[in-house]
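Note sheet for the following structure.
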Amino acid sequence: MNYFNYQGNKLHCEEVPVETIAAEVGTPFYLYSASTIERHYRVFEEAFAGVNHLICFSVKSNSNIAVLKLMATMGAGADIVSGGELYRTLKAGIKPGKTVFSGVGKKEDEIRFALDTGILMFNVESFEELETINRIAGYMNRRAPVSLRVNPDVDPRTHPYISTGMEKNKFGIPVTEAFYLYRKAAGMDNIDVIGVDCHIGSQLTSSEPFGEAVAKLMELVNVLEDDGISIRYIDVGGGLGIVYDKESPPLPSNYAETILDATGNTDRTLIFEPGRVIVGNAGILVTKVLYNKKGPTKNFVIVDAAMNDLIRPSLYDAYQEVRTVIRSDREEMVADIVGPICESTDFLARDHMLPRVHSGELLAIMSAGAYGFPMASQYNSRPRCAEVMARGDRYQIIRDRETYEDLVSGERFFKD
Ligand code: LLP
């Protein structure tokens, strides 16, 4: 359920006509609905109302500080994977004590930064990382709270590029080695073992893999407790999928049922790291048609957004629905919707059915609120686009469109 709807024949974001924003801001731009983000967060939160839990919004899915501020206001924590993400969460007022730090390649300065701010825990992904955190905590005279990210070897049945919990993936510590590493961690001078963690992949459309993974975590927790290593936090990661097309992912309430079945009755705190399910359907990318072009075998609609603005279709062959911002009865056609970038991978949709469109017309690429802007680049020296947030009948620019000066800022000539 989201607040992008046609009122009359005009697509609105909440109460604001999308064309009104386009007239002021220009195109392309991302547009987020604050009420949709809040609604998705609350539905997820309510699914776990009966148990101790903490929702750590996965910052990588949408890291604009205005989005993070909404999270802070609702009491969310954060799942971060870099010092830059930590910086953003602090700017937005998310409490470091509600922040977990994941990722296979934490750098020393990032570990220091996280220890300094007092994050809730590091989700540690290797023995060498554990040793590094122990050493840095030692010379900072701190204790580092950790959980180990376990790789449960479960197939999440999603796109291979976004599967993370299988043996062949770089993530986590094999579940078979985790016990041994926990013992090592528990014996380290500056480490406090407080949790277990896993994250098996993204855009999962069935509950079973989550259930399987959490069951494996719980087996490990029991073995650890028998060994005198007590676990307070069970972090099950993110990954719940959304509807882009015809998928039917579990509702948060069904997802909760599966997770709680697997954890059984526990007074430990469950941690969740959702990203896409909160913001994915709360954002669109608005673009303008530049040209229609009829090839010998295909129709091309050339628009002013491109793979540098939204890379998901090119990178994962992902489907994003395309709608016209003004709805009318028109003949339909099948076309590729492509950008100006000089690569054949530059498409936003392929063989997409849409009404015949004309130059200057606005299109909305739906479900673009997660992994849209954060993955944008300046490829082909295209300034990154603006981001706008709407609530009710108001909207504000939450990130300026970049300028040509921005493109070269920080660059300098080599001095002979
Ligand atoms: N926790 C960890 C450790 C993660 O690596 C991720 C996502 C999440 C949580 C959040 O997962 P979500 O709830 O959003 O599925 N760029 C890709 C998705 C990459 C996901 C990376 N990790 C895409 O556009 O589909």
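Is there a residue in segment 138-156 that is touching a residue at least 40 places away in the same chain (Cβ under 8 Å), within 16 Å of the ligand (Cβ to nearest atom) and more than 27 Å from ILE229 (Cα to Cα)? Yes, some residue in segment 138-156 is touching a residue at least 40 places away in the same chain (Cβ under 8 Å), within 16 Å of the ligand (Cβ to nearest atom) and more than 27 Å from ILE229 (Cα to Cα). Summed over segment 1-36, residues that are under 14 Å from LEU285 (Cβ atoms), surrounded by 15 or more Cβ atoms within 10 Å (Cβ to Cβ) and not hydrophobic (A, V, I, L, M, F, W, C) total 5. Checked against the criteria, ASN134 counts as open to solvent by less than 70 Å² (accessible area, probe 1.4 Å) and away from the ligand (no atom under 16 Å from the Cβ).
Report yes if some residue within segment 178-186 is outside any helix (DSSP H, G or I), in the same structural domain as ALA137 (by TED's automatic domain parsing), within 23 Å of GLY105 (Cβ to Cβ) and away from the ligand (no atom under 12 Å from the Cβ); otherwise report no. No, the conditions are met nowhere in segment 178-186.
One residue is enough: does segment 116-129 have a residue meeting the conditions away from the ligand (no atom under 16 Å from the Cβ), crowded, with 19+ Cβ neighbours inside 10 Å and not small (Gly, Ala, Ser)? Within segment 116-129 (the criterion being away from the ligand (no atom under 16 Å from the Cβ), crowded, with 19+ Cβ neighbours inside 10 Å and not small (Gly, Ala, Ser)), the answer is no, since none of the residues qualifies.
Of the helices (runs of 4 or more DSSP H) lying entirely inside segment 4-119, those carrying at least 2 residues that are at pLDDT 95 or above and over 21 Å from the mean Cα position of the chain (by Cα) are 18-25, 108-117.
Within segment 94-107, residues that are over 12 Å from LEU54 (Cα atoms) and in the same structural domain as ALA76 (by TED's automatic domain parsing) sit with their Cβ atoms under 6 Å from residues that are more than 10 Å from the ligand (Cβ to nearest atom) and assigned to a strand (DSSP E or B), at 6+ positions apart or across chains, in these pairs: ILE94/ALA78; PHE101/PHE122.
Mind listing just one residue for me: the one in segment 44-61 that is polar (S, T, N, Q) and near the ligand (Cβ under 9 Å from one of its atoms) and, of those, surrounded by the most Cβ atoms within 10 Å (Cβ to Cβ)? In this case the residue turns out to be SER58.
Would you pick out the residues in segment 157-177 that are of a type in the set (Val, Ile, Thr), within 12 Å of the ligand (Cβ to nearest atom) and touching a Leu at 6+ places or on another chain (Cβ under 8 Å)?
In the first step, residues of segment 157-177 are kept if they are of a type in the set (Val, Ile, Thr); the result is 158, 162, 164, 173, 175-176.
When the remaining residues are screened for being within 12 Å of the ligand (Cβ to nearest atom), the result is 158, 162, 164.
THR158, the sole residue that qualifies.
Selection of segment 234-249 for residues being surrounded by fewer than 21 Cβ atoms within 10 Å (Cβ to Cβ) and more than 10 Å from the ligand (Cβ to nearest atom) yields VAL243, ASP245, LYS246, GLU247, SER248, PRO249.
Yes or no, residue by residue, for (1) part of a loop (DSSP other than H, G, I, E, B); (2) among the polar types (S, T, N, Q); (3) in contact with a strand residue (DSSP E or B) (Cβ under 8 Å, 6 or more places away or on another chain); (4) closer than 24 Å to ASN5 by Cα:
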position: TYR319; (1), (2), (3), (4): yes, no, yes, yes
position: THR345; (1), (2), (3), (4): yes, yes, no, no
position: HIS352; (1), (2), (3), (4): no, no, yes, yes
position: PRO383; (1), (2), (3), (4): yes, no, no, no
position: ASP416; (1), (2), (3), (4): yes, no, no, no
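So, PRO96, is that one closer than 30 Å to ALA262 by Cα, open to solvent by less than 40 Å² (accessible area, probe 1.4 Å), more than 16 Å from the ligand (Cβ to nearest atom) and touching a Gly at 6+ places or on another chain (Cβ under 6 Å) or not? Yes; evaluated as a whole, the condition is true for this residue. For LYS106, the test of being under 15 Å from ILE173 (Cβ atoms) and surrounded by 18 or more Cβ atoms within 10 Å (Cβ to Cβ) is passed.
From the list ILE200, ILE231, ILE271, the lone residue that is modelled with pLDDT under 95 and either of a type in the set (Phe, Trp, Tyr) or touching a Gly at 6+ places or on another chain (Cβ under 8 Å) (or both) is ILE200.
Apart from one condition, SER344 fits all of (1) closer than 24 Å to ASN9 by Cα; (2) exposed (fewer than 12 other Cβ atoms within 10 Å of the Cβ); the exception is (1). When we screen PRO174, PRO209 for residues that are in contact with a Lys or Arg (Cβ under 8 Å, 6 or more places away or on another chain) and free of Cβ contacts under 8 Å to residues at least 60 places away in the same chain, the only hit is PRO209. The single condition from (1) away from the ligand (no atom under 13 Å from the Cβ); (2) in contact with a Leu (Cβ under 8 Å, 6 or more places away or on another chain) that ILE271 fails is (1).
The values are calculated or read from the model by the stated rules, or taken from the named source; none is laboratory data. Predicted model only: the values in this text are computed from it and were never measured. Cβ sites come from the backbone with ideal geometry, for glycine too, and all protein chains shown count toward neighbours. The accessibility values were calculated without ligands, DNA or RNA, using every heavy atom of the protein model including side chains. Shrake-Rupley method; radii C 1.70, N 1.55, O 1.52, S 1.80 Å.
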